[in-house]
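Here is the structure we will look at, set down as structure tokens.
Throughout, read-outs are computed from the coordinates displayed, never taken from laboratory work. Only a predicted model underlies this, so the values are computations on that prediction, with no experimental measurement involved. As a convention, Cβ positions derive from the backbone with ideal geometry for all residues, glycine included, and neighbour counts pool all protein chains shown.
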Amino acid sequence: MATQIFVNLPVSDLNKSVAFFTALGFTFNPDYTDENATCMIINDNAYVMLLVEGFFKTFTSKDIVDAKGSTEVIMAFSADSREGVDGMYNKAIDAGGSSSQPAQDYGFMYSRSFEDLDGHLWEVMWMDPAGPQTDVAASAAEA
């Protein structure tokens, strides 16, 4: 059974957030878009609901975390290649995002991290489909 996931994020300015994520290449479902919210499409089973803070508060009695000073979650998504990781990271920075961590390179896995306009943390990563080369690592350790 395929399961869909909807991540809900509070944003301070919906139009600026839409412009930011559009610059990264994401699209939005107009059927779920109004002045309070929009549905950003990640793929056929994953979506991010960008909700104006006042509307977001109608779904919880808890305070909204100031993502520029605190972290509750890091959203991560994959790219097809190392170049794809760098390309998406560069688009985020060019669109007004900021770098959050140095690049992480483990050989078989490579990632870059950025903050969106509201300070939410995003990570774009590539992983070698062959996975870590455990035989190579074991041979190197024995030498």
For K91, counting only lysines whose alpha-carbon sits under 25 Å away and dropping same-chain residues fewer than eight positions off, the answer is K16, K68
Quick one: 3J(HN,Hα) in Hz for the stretch 82-87, Karplus 6.51/-1.76/1.60 with θ = phi - 60°, rounded, Gly and Pro as x.
4, 5, x, 4, 4, x
Dipole of the chain, positive direction: furthest Cα of P30, A103, T60, with charges on the beta-carbon:
T60
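Give the residue list of GluC sites (Glu not before Pro) in the stretch 40-143 that are DSSP loop and have at most 16 other beta-carbon atoms within 10 angstrom.
Numbers: sites: E53, E72, E83, E115, E123, E142; in loops: E72.
In loop regions of the stretch 40-143 (DSSP not H, G, I, E or B), the sparsely surrounded GluC sites (Glu not before Pro) are E72.
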With springs connecting C-alpha atoms under 10 Å apart, model the chain as a Gaussian network and identify which of V85, V11, V65 has the largest mean-square fluctuation.
V65
What is the distance in Å between the Cα centroid of the stretch 51-100 and that of the stretch 25-41?
16 Å
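Please identify the longest segment of the chain free of exposed trypsin sites (Lys or Arg not before Pro), where exposed means a DSSP state other than H, G, I, E or B and no more than 13 other Cβ atoms within 10 Å.
Working: sites that count: K62, K68.
Result for the longest clean stretch: 69-143.
In terms of the ratio Rg/(2.2 N^0.38 Å) built on C-alpha atoms, what value belongs to the chain?
Expressed relative to 2.2 N^0.38 Å, the Cα Rg reads 1.21.
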Would you please give the residues with an amide H less than 5 Å from that of V11, counting only those at least 5 places away or on a separate chain, with H modeled from the backbone geometry?
L51, V52, E53
The stretch 27-143: relative contact order in percent, alpha carbon pairs under 8 Å with at least 6 residues between
19 percent
Tell me which residues come under 5 Å, amide H to amide H, from F108 once H is placed; ignore anything under 5 positions away on its chain.
none
Each residue of the stretch 91-108 in turn: what ³J(HN,Hα) in whole Hz from Karplus with 6.51, -1.76, 1.60 and θ = phi - 60°, glycine and Pro shown as x?
4, 4, 5, 5, 8, x, x, 9, 5, 10, 8, x, 4, 10, 10, 10, x, 7
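In deg cm²/dmol and to the nearest 500, what is the mean residue ellipticity at 222 nm of the chain if only DSSP H runs of at least 4 residues count, each as -39500 (n - 2.57), divided by the residue total? Intermediate results must be reported in sequence, preceding the final value.
Working: 4 runs with 36 residues, N = 143.
Roughly -7000 deg cm²/dmol at 222 nm, from the helical runs in the chain.
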Taking amide hydrogens as modeled 1.01 Å from N in the peptide plane, which residues meet the under 5 Å criterion relative to F28, leaving out close sequence neighbours?
I41
Backbone HN-Hα couplings from phi across the stretch 119-128 [Karplus 6.51/-1.76/1.60, Hz, Gly and Pro as x]:
x, 5, 8, 10, 10, 10, 9, 10, 10, 4
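By the scheme Lys and Arg +1, Asp and Glu -1, what is the net charge of all other residues having a beta-carbon under 12 Å from that of I74? List each step's numbers first, then the result.
Numbers: positive: none; negative: E72, E115, D116, E123.
Result for the local shell: -4.
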